[in-house]
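Undergrad: My questions will all concern the structure given below.
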């Protein structure tokens, strides 16, 4: 995985190569996506960027994220009923741990996964367009919460 500064440079280069101007607001959105270890929602990116650029609109954040997604520079994680989250660090498919209590999303390293995906394609004849593997549970912090298990899930509904 590239360092944060290198990844921001990659995104800047990709935007410029596609003819997009690099405004301070757009650069702040790129940084927020790349610097966040939490796979933020667009709303979380908007809140983060808004601290430095209070005049930024939600539309600018949404359009920038959509542009990057369309260019294959951001990985979108769709969650039914909980809103989409985005990974600006790693755009190739990779597994995640998802806390059903607090909504935290953590990257998970499974070195053999790409080999398995290749084998699936070879054995089935499918041309794989992508894959997604998520493990759901309760993170260590939520395990220690007074509410436990399904109570916690019902209370928070994965933010």
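Undergrad: What is the distance, in nm, between label points placed 7 Å from the Cα along the Cα-to-Cβ direction at residue 121 and at residue 22?
TA: 3.2 nm
Undergrad: If you build a Gaussian network model of the chain, linking Cα atoms that sit under 10 Å apart, which residue out of 61, 74, 12 swings the most?
TA: For the chain, modelled as a Gaussian network with Cα springs under 10 Å, the answer is 12.
Undergrad: Further, regarding this structure: In what sequence, highest mean first, do 16-22, 35-41 appear when ranked by Cβ atoms within 10 angstrom?
TA: 35-41, 16-22
Undergrad: Decide, for the chain, between rounded, prolate and oblate: order the square roots of the alpha carbon gyration tensor eigenvalues as a ≥ b ≥ c, take rounded if a/c falls under 1.5, and otherwise choose prolate if a/b is larger than b/c, else oblate.
TA: Verdict is oblate for the chain.
Undergrad: Could you work out the relative contact order of region 67-121, using alpha carbon pairs under 8 angstrom and six or more residues apart, expressed as a whole percent?
TA: 21 percent
Undergrad: Quick one: plug the Kirkwood hydrodynamic radius of region 1-63 (C-alpha pairs) into Stokes-Einstein at 10 °C, 1.306 mPa s, and report D in µm²/s.
TA: The calculation lands on 132 µm²/s.
Undergrad: While we're here: So, by mean Cβ neighbours within 10 angstrom, what's the order for 103-113, 83-93, 119-129 with the highest one leading?
TA: Highest-to-lowest ranking by the protection proxy: 83-93, 103-113, 119-129.
Undergrad: Counting pairs of alpha carbon atoms under 8 Å apart in space and at least six apart in sequence, what relative contact order in percent does the chain give?
TA: Relative contact order of the chain: 20 percent.
Undergrad: Further question on the same structure: Counting only helical runs of four or more DSSP H residues, what would the 222 nm mean residue ellipticity of the chain come to if each run contributes -39,500 (n - 2.57) and the total is spread over all its residues?
TA: After summing the helix terms and dividing by residue count, I get -14000 deg cm²/dmol.
Undergrad: Can I ask one more? Over the chain, what is the percentage of antiparallel beta bridges among all DSSP beta bridges, to the nearest 5?
TA: 60 percent
Undergrad: Continuing with this model, one more query. Using a simple spin-label model with points 7 Å from Cα along the Cα→Cβ vector, what separation in nm is obtained for residue 35 and residue 97?
TA: Output for this residue pair reads 2.5 nm.
Where a number appears in this text, it was derived from the coordinates with a stated rule and is not lab data. None of the values given here were measured: they were computed from a predicted structure. With ideal geometry, Cβ positions are generated from the backbone for all residues, glycine too; neighbour counts draw on all protein chains shown.
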